[in-house]
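Contents: one structure, followed by commentary.
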Amino acid sequence: MVSGSSIIFDRLDFSSIFDKISSASILGVQIPDGLKFYAIDIANFLRERGFEVIFSGKATYGACDIDMELLREVDFLLHFAHTEMVNIDRVIYVPYRIEYDVDVELLKENLLERKIALIGTASYSWKFEKIRSALEKEGFEVELREGTGVEYPGQVLGCNYSCLKNTESKAVLFVGDGEFHPIGASLYSRKRVYAYSPLSNEIKEVNAEEFLKRRYLAVSKAMNCESFGILVSTKIGQKRLELAKELQRIALERGKTAEIILTDEINPSVTDNFRFDAHVNTACPRVTFDDYSRFGGKIISPMEFKIALGVEDFDRYSFEFSQ
Ligand code: SF4
């Protein structure tokens, strides 16, 4: 085994998996890029239990991204590190659970509010019932709501903050890593959002202003564009063809040129050869925001497109899919 493999087996929850796949002889394995380092360890682990293994070479963004081609070649597809978004026969999800505790004293010192909504990604939200108890013992009133299309109460995805719908909390506490989800939660809820990482034990208040300024600039540029490629992904949890058709209709009614482009991956090699002034990405919102400069600043979200064409208000800005 290579160094670090014990961490991966501590965090991947195989309980209940083997009952489901006992009839299988060949397994497909789909893991996010960040965990592909452990592919040999995972293959050995499964092979020792009598299974043949084929890996997916796809980037694997999230549970929205199931390798359907690989699924056709195997008895079951093990999809690692995400929870179910779309129910597909013979796809088994293997959760990735980070064990952690929260520093309640640190939270008490830094949170101005005591009535909070608790949110986080799947790797952290699996433990939220315990975290809620710990916080409530110390005087917090904790809202922990079920969202749609997710497994755990309080769980968010980059494109899904539905557990914050009609929240009555005074503020939001995001537990996890990175800024993308806290910014999404801030835009969706319009509440103060704190981002807390249990691994580094750091907490900060999220400021979405810089993000909004950048996106306002992108919308302003799009206002001067005449032609748009509307990108639709074939990935099972990202495919929004009806939305693309609606956007095309809005564009045509306003005298713009708009064509729909269907593709698996959305990257500059797809868009570069088309001669559109800009592209609208109806698939994963992270592609629009994280890869904006790779697209030469010529990619916007569906909501930004509607704002640029005058049918949506910037004050309602969000990147939740259901908007
Ligand atoms: S944010 Fe992107 S990668 Fe994550 S679930 Fe949504 S579409 Fe998939």
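The values are calculated or read from the model by the stated rules, or taken from the named source; none is laboratory data. What you see is a predicted model; the values in this text were computed from it and never measured. Methodologically, a virtual Cβ is constructed for each residue, glycine included, from the backbone with ideal geometry; neighbour enumeration extends over all protein chains shown.
Applying the criterion of at least 2 residues that are outside the structural domain of C284 (by TED's automatic domain parsing) and within 16 Å of the ligand (Cβ to nearest atom) to the helices (runs of 4 or more DSSP H) found wholly in segment 121-210 leaves 122-125, 180-189.
Taken over segment 263-297, the criterion of being of a type in the set (A, V, I, L, M) and within 16 Å of the ligand (Cβ to nearest atom) is satisfied by I266, V280, A283, V287. Out of Q248, Q238, one residue alone is assigned by TED's automatic domain parsing to the domain that holds A308, more than 16 Å from the ligand (Cβ to nearest atom) and of a type in the set (S, T, N, Q). It is Q248. Taking segment 220-323 as the region of interest, the strands (runs of 3 or more DSSP E) fully inside it that hold 3 or more residues being loosely packed, with under 15 Cβ neighbours inside 10 Å are 257-263.
For segment 227-282, a residue qualifies if it is of a type in the set (A, V, I, L, M), under 25 Å from the mean Cα position of the chain (by Cα) and closer than 19 Å to E312 by Cβ, and the qualifying residues are I230, L231, L243, A244, L247, A278, V280.
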